[in-house]
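Only the coordinates and a few stated rules stand behind these numbers; no lab work does. Computed from a predicted structure; not experimentally measured. Cβ coordinates were reconstructed from backbone atoms using ideal geometry, including for glycine residues, and neighbour counts include every protein chain displayed.
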Amino acid sequence: MNRRKERFIKYLFTAVAFSSLAFLVGIILVLFKEALPIFKTVSPSAFLLGTSWYPTAEPPEFGILPLIVASLWVTAGALVICVPLGVGSALYLHELAGNKQRAVLKPVIEILASVPSIVYGFFGMVVLAPFLQTALDLPIGLTAFTTSLILGVMATPTVASIAEDALSYVPRSFREASFAVGADRWQTLTKVIIPAAGSGISTAVILGMSRAIGETMTVLMVAGGSAIIPESIFDPVRPMTAAIAAEMGEAPVGSDHYHALFAIALILFLITFAFNVAAELISRRYRLKLGQAR
Amino acid sequence: MHDTLVDYDKQMGLENFHPALVKGPVGVNKNSLGEADLFGTEPKIISRGVNFYYGAKRALNNINISFAQRRVTAIIGPSGCGKSTFIRLLNRMHELVPGTRLEGEILLDGLDILSPACDPAELRKRVGMVFQKPNPFPKTVFENVAYGLEVNGVTDRQVIEATVVDSLKKAALWGEIKDRLKDSALGLSGGQQQRLCIARALAVSPEVILFDEPCASLDPISTGKIEELILELKKEYTIVIVTHNMQQAARVSDRTAFFLMGDLIEEGRTDNIFKAPRDRRTEDYITGRFG
């Protein structure tokens, strides 16, 4: 009886553990199945490099380059904000903040991560965009720049919390060794601790990047939605996620438009997948470097 | 009540007659005001009336001891007796831990190292340290040894290279490693890593080297090499070594101090301590009755 129960529990947990794998495989299969038919209509190169996205025109045009550029553009902008803010916060928390400050600041940063993206989007739409429009005298407030600002703030907690973890994994003995030969705090930080935590900090940045590139709701609300290749950061744009979210409801199931949207999702999936693999490889190298590999 | 007594002792200049120290024949090991038997040398470091606290917990009680110039002093005692805590005061490494408090006086060549005028970075260049576990940086062998020069503003490439080679030779590592200067230090064996850490300490030309249980994580052969090295280094440097291992203390040191529960119980020439300890507790410890 007991052995049976144990075996049952074992299978149960095995099933639970493998369920994420099953979901992943399922998602990949569906993505490929629904995305591939579009390449009967347009060639992969015309799809990826075409500059006109008019999926409902007659004849329709399925060039997603403006969408890819928009996604990369707002993500790059977000990085410019979230890397200094996130890494800076991590350094402050780790190096300068006392225990009391850390006890307040860390949870605050984590709460920032748990604010729903629609709240960020709403804030961007009704507060930030009108403000920027008047402050910078723009024709429209919903731009790549606005989106980058919001995405940057959204990704900051991810970067800060992972970078802080990376810093705290650096053995205390490195710090002692550095001080013991007469280094000061700043030298210890820049010459020993940051290099030792370097790969961990890169992982933080990459994960912040996937957070930004995959974000949908905020982008849909504040990016402006125009599917042209932007010429300035103050142009409205239509990142990949926004295109899918905005158009999926109108695309007839099984139409070319429908398959094209799935193909965009596939491209997006491949991009974030590459980010995650890179993050994993780097953090594995980092553990090796610190001699903590299994 | 106890505290007032301590204060009273201090005012009267009596703190050197701590009960733990005055046992045994007066004159052999009376106190640390240069009257201890330091082989005729001037004391390099003097600790007077040192009390140390972690928060409210007192970790060291009235430590009075002198360290002979260019000799090896071993500090022995059971775990938690305060021996590592004590040597970390000698280069102010205790300041890296928040919430500690230190009373008393520590003099290096007569200079008060605890005074605010004493720059801890300057002090640590003069008083180097080798730690319990080898802690090379995740950098190359060369960079590890050059680190101390770099942070102290040495930029002349030739000086750096010459110092690195010289330090590695002094640390008895050069022969094994001269072709691997550009390899990661983490690829070395434990014993080599520890000698690399010694080379790193030597590169900034210290006068004193503190060894905090340097062989705790090493095999017997590596331990033997480190001990030989310590005997070689004492020709040029004043050495203080904390060790768990009494045979090691007997092999490498000229003087030995025995700590127990934050008190310095007894100190003196190593052969006297091991052959004719004056305090019962020292005898019990070195004969293996506890610890």
The residues B:CYS197, B:CYS118, sorted from fewest to most surrounding Cβ atoms within 10 Å, come out as B:CYS118, B:CYS197
Over all residues in B:111-121, what is the mean tally of Cβ atoms on other chains that come within 10 Å of each residue's Cβ?
1
Tally the DSSP beta bridges in the protein assembly as shown and give the antiparallel ones as a percent, rounded to 5.
60
For the stretch A:113-130, just list the computed ³J(HN,Hα) in residue order, Karplus coefficients 6.51, -1.76 and 1.60, θ = phi - 60°, integers in Hz, with x standing in for Gly and Pro.
6, 9, 5, x, 5, 5, 5, 4, x, 4, 4, x, 6, 9, 10, 5, 4, x
Rounded to the nearest 5, the percent of DSSP beta bridges in the stretch B:39-286 running antiparallel is 60
Within the stretch B:182-291, which chymotrypsin sites (Phe, Trp or Tyr not before Pro) sit in a loop by DSSP and count at most 13 neighbouring Cβ atoms inside 10 Å?
B:PHE290
For A:ILE27 and A:THR14, compute 0.36 nm times the residue count separating them, minus their Cα-Cα distance, and round to one decimal in nm.
2.6 nm
Provide the percentage of antiparallel DSSP beta bridges, counting only those with both residues in the stretch B:140-291; round to the nearest 5.
60
From the phi of every residue in the stretch B:51-66, what ³J(HN,Hα) in whole Hz does the Karplus formula 6.51 cos²θ - 1.76 cosθ + 1.60 yield, where θ is phi - 60° and glycine or proline is x?
10, 9, 10, 9, x, 8, 8, 8, 9, 9, 10, 6, 8, 10, 7, 10
Through the Karplus equation 6.51 cos²θ - 1.76 cosθ + 1.60, θ set to phi - 60°, convert the phi angles of the stretch A:220-237 into ³J(HN,Hα) values in whole Hz; use x for Gly and Pro.
4, 7, 10, 7, x, x, 8, 8, 10, 5, x, 9, 9, 6, 9, 8, x, 9
Before rounding to the nearest 500, sum -39500 (n - 2.57) across all DSSP H runs of length at least 4 in the protein assembly as shown and divide by the residue total; then give [θ] at 222 nm in deg cm²/dmol.
-16500 deg cm²/dmol
Residue exposure sequence - A:HIS259, A:HIS94 - by fewest surrounding Cβ within 10 Å:
A:HIS94, A:HIS259
I need to check one value: relative contact order of the stretch B:135-194, counting alpha carbon pairs closer than 8 Å and at least 6 residues apart, in percent.
55
Exposure proxy check: A:THR158, A:THR203, A:THR14 ranked by fewest other beta carbons within 10 Å?
A:THR14, A:THR158, A:THR203
Could you work out which residue, out of A:VAL69, A:VAL170, A:VAL253, moves most in a Gaussian network model of chain A, that is, has the largest mean-square fluctuation with Cα springs under 10 Å?
A:VAL253
Mean separation of Cα contacts under 8 Å (6+ apart) over length of the stretch A:44-289, as relative contact order %:
26
GNM on chain A, C-alpha springs below 10 Å: top fluctuator among A:TRP186, A:TRP53, A:TRP73?
A:TRP186
So, in Å, what gap is there between the alpha-carbon centers of the stretch B:61-118 and the stretch B:202-221?
17
Counting only trypsin sites (Lys or Arg not before Pro) that are in a DSSP loop and have at most 13 other C-beta atoms within 10 Å, tell me the longest site-free stretch of chain B.
B:1-177
Excluding residues fewer than 8 positions from A:LYS191 in its own chain, the lysines with Cα under 17 Å of it are A:LYS289, B:LYS139
What lysines does B:LYS44 reach when the alpha-carbon gap must be under 25 Å and sequence neighbours fewer than 8 apart in one chain are set aside?
B:LYS10, B:LYS23, B:LYS30, B:LYS83, B:LYS125, B:LYS170, B:LYS234, B:LYS235
For a quick check, take a GNM of chain B with Cα springs below 10 Å and name the residue from B:VAL154, B:VAL164, B:VAL208 with the largest mean-square fluctuation.
B:VAL154
Give me the inter-chain shielding for A:168-180: mean count of other chain Cβ atoms within 10 Å, whole number please.
6
